[in-house]
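The values are calculated or read from the model by the stated rules, or taken from the named source; none is laboratory data. For clarity, every value in this text was computed on a predicted model and none was experimentally measured. When we count neighbours, we look across all protein chains shown, and the Cβ atoms used for this are built from the backbone with ideal geometry, even at glycine. Each accessible area value is taken on the protein alone, full model and side chains, heavy atoms only, with ligands, DNA and RNA left out. Shrake-Rupley method; radii C 1.70, N 1.55, O 1.52, S 1.80 Å.
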Amino acid sequence: MKTRSSQRLLVYAIFFLLALVLSPGARAQQPSSQSLSSERDRGLELYQKGDYPAAIETLRAVTSKNREDGAAWHLLGLALLAAGKKEQARTAFEKAVTVRLHSLIAVPLLMVTTSAPGPAVKPQDRYQAALESAEQYLALGRVTEDWQFQVEALRFYRDYYAGTLSNETMVTNKEVQTRLRISSKPAPDFSGVGASGTSVLRAVFSADGRVRHVLVLKRVAPDFDLRCIEAAQQIKFTPAIKEGKPVSMILQLEYNRHYF
């Protein structure tokens, strides 16, 4: 009997805790995306008015509540820069571009056109946003080799998704008669690199047999990411064939190294 009573008490306790978590009062404690968006808009308004201290305070509050708000990080960088706080601005822009790059993982590999209504952000606009944060970040410090690759690749994908590259056509596996075949995929040379993690890249496997426009979407560390870019560029492959001709494809790659 004691055992059954204890079980009942445990079940009642679990239901009570769930009711607390799911209650309107508990949900109200979590800031909604709409409220954070309004706060971000308020920060933009203050920045445009030239009230940089208030803009900084407002945008810091937004980014503290949502660390993955790339637009808020970018605006914070602009406000800090206008206030003469260059080092803090560079840190904010770095966070902005990191968040914005990571969000690009969800963008389809091929250009997608849609007539669906609504304020959905187009892929080219997302690449442009990441490019703007990257350029602001680089303008405030030394340009390293890994970031040179990043900026070049961001410009390419922005233009590709905007449909302005008439000489660059991409296909999917469903469209080809002969699939792309990778014959060699060297591992990155991580000698002398202390960082560990997983780097996610996007690249064009071109019809001419080269891997081009390598973009790091999920960053680990500058030296780590550069070794991954270099490894991707060394991949040997036979291009896919469509209608008797080699064609280009966009593929996503991952490289990782973890310490246990």
**Prompt:** So how exposed is Phe237, as accessible area in Å² (1.4 Å probe, rounded to 10)?
**Reply:** 20 Å²
**Complete:** In whole Hz, the Karplus estimates of ³J(HN,Hα) for region 149-165 (6.51, -1.76, 1.60; θ = phi - 60°; x where Gly or Pro) are 5, 4, 5, 4, 5, 4, 5, 5, 5, 4, 5, 4, 5, 7, x, 9, 9
**Sequence of Arg181, Arg202, Arg142, Arg42 when ordered by accessible area, the most exposed leading, probe 1.4 angstrom** = Arg142, Arg181, Arg42, Arg202
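Could you sort Thr238, Thr164 by their accessible area in this structure, using a 1.4 Å probe and putting the largest first?
On the way: Thr238 65, Thr164 90 Å².
Order by accessible area, largest first: Thr164, Thr238.
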**Message:** So, taking all protein chains as they sit and a 1.4 Å probe, how much accessible area belongs to His74, in Å² rounded to tens?
**Reply:** 20 Å²
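If you rank Tyr47, Tyr137, Tyr157 by how much accessible surface each has, with a 1.4 Å probe, what is the order from largest down?
Reading off the accessible areas and sorting them downward yields Tyr47, Tyr137, Tyr157.
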**Fill in**
Expressed in square angstrom to the nearest 10, the accessible area of Ile250 with a 1.4 Å probe stands at 10 Å²
**Fill in**
So Ala54 and Arg67, fully extended at 0.36 nm per residue minus their Cα-Cα distance, gain in nm 2.7 nm
**Prompt:** Here are some pairs, Lys174/Lys242; Lys122/Lys242; Lys95/Lys218; Lys49/Lys95; which of them have Cα atoms lying more than 19 Å apart in this structure?
**Reply:** Lys122/Lys242; Lys49/Lys95
**Prompt:** Summing Lys, Arg as +1 and Asp, Glu as -1, what charge do residues with Cβ under 14 Å from the Cβ of Tyr160 carry, Tyr160 excluded?
**Reply:** +2
**Fill in**
Taking 0.36 nm per residue of separation between Tyr259 and Ala139 and subtracting their Cα-Cα distance, the length gained on full extension comes to 39.8 nm
**Prompt:** For the residue pair Gln148 and Thr198, what label-to-label distance in nm results when each label sits 7 Å from Cα along the Cα-to-beta-carbon direction?
**Reply:** 3.1 nm
